[in-house]
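Just so you know, all these numbers are worked out from the coordinates, no wet-lab data involved. These numbers come from a predicted model, not from an experiment.
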Amino acid sequence: MNEEDKKFAKFIKIAVISIVSLVLIFGAFGIVKAGDRGVKTRFGAVVGTVDEGLYIKIPFIEQVKKMDIKVQKDEVEANAASKDLQTVSSKLAINYNLSPDYTANIYKTVGIDYKSRLVDPAVQESVKAVTAKYTAEELITKRELVRDEIKALLSAKMLPYGVIISQVNITNFDFSQSFNQAIEAKVTAEQSALAAKNKLEQVKFEAEQRITTAKGEAEAIKIQAQAIQNQGGAEYVNLKWVEKWNGQLPSTTLGSNIPMININK
């Protein structure tokens, strides 16, 4: 081997050692981003967890799998049957997150895709179980109570796995077309009955007003008649006639003892 071959072989050797060294150096370090947790495995077996920030591992022997522990939002559609056997289609918005203390156990028992394996089936089961306790109409009128029961049941199912359910919202309830038509007809009938009731109340009020007015007028007449009697009866009437007389003689007169006559004749 000549001198040039020796130099080339030496260069190759140095290059290989440098590359291997760089791989070992960079392969021994890593970073876990904020909101993640790392699960450290050695030859595939879970040996611990890694907090956010810089970490060190044994190259080619140890690996760090990152798992998201931030609050995640998921929209889930679920079909169920109500207590009165109405088909109910629900749409829910769910906020949840993985507890940092359970990342290693979840990775070991379920894997990274715990949402599709744990959360989604639990949501479906919880919605079906709670929906079956209420009639279709109650699902509408007691929406908040239904939501709270779904959250409580779902939280109980997820707690052993370290999945924290922070919020559940029912964004939509949808029923069959026949049920929607029945509800619409019921609302229309209730509105018509309420309008008829209001009309009846108005008529009764107006009648009561008329009765009150008539009673008032009758009482006024009674008081006036009593006053006339107290003032001397006929003399009082004559006095009032004189007070109102305009100076002209009437064409006829009417009295208790004098028949009506025509004065002009």
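Things worth noting here:
- In Hz, Karplus ³J(HN,Hα) per residue of the stretch 102-118 (6.51, -1.76, 1.60; θ = phi - 60°; x = Gly, Pro): 10, 4, 5, 5, 4, 4, 6, 9, 10, x, 5, 7, 6, 4, 5, 8, 10
- Using distinct alpha-carbon pairs, which all enter the 1/r mean, Kirkwood radius of the stretch 72-175 in Å: 14.0
- Taken one residue at a time, the phi angles of the stretch 77-92 give Karplus couplings (6.51, -1.76, 1.60, θ = phi - 60°) of 9, 9, 10, 8, 10, 7, 4, 9, 6, 8, 6, 10, 9, 10, 10, 10 Hz. Gly and Pro are set to x.
- Legend: distances between Cα atoms for Lys91/Lys157; Lys108/Lys151; Lys83/Lys108; Lys57/Lys151; Lys157/Lys186; Lys13/Lys57; pairs beyond 28 Å are Lys83/Lys108; Lys57/Lys151; Lys157/Lys186.
- Within the stretch 43-84, all pairs of alpha-carbon atoms sorted by distance into 10 Å bins from zero give the percentages 17, 33, 16, 16, 11, 6, 0.
- Amide hydrogen proximity for Lys57: with H placed 1.01 Å from N in the peptide plane, the residues at 5 or more positions away or on another chain lying under 5 Å are Phe29.
- Amide H contacts for Gln86 (H built 1.01 Å from N in the peptide plane; partners 5 or more residues away or on another chain; cut-off under 5 Å): Ala136.
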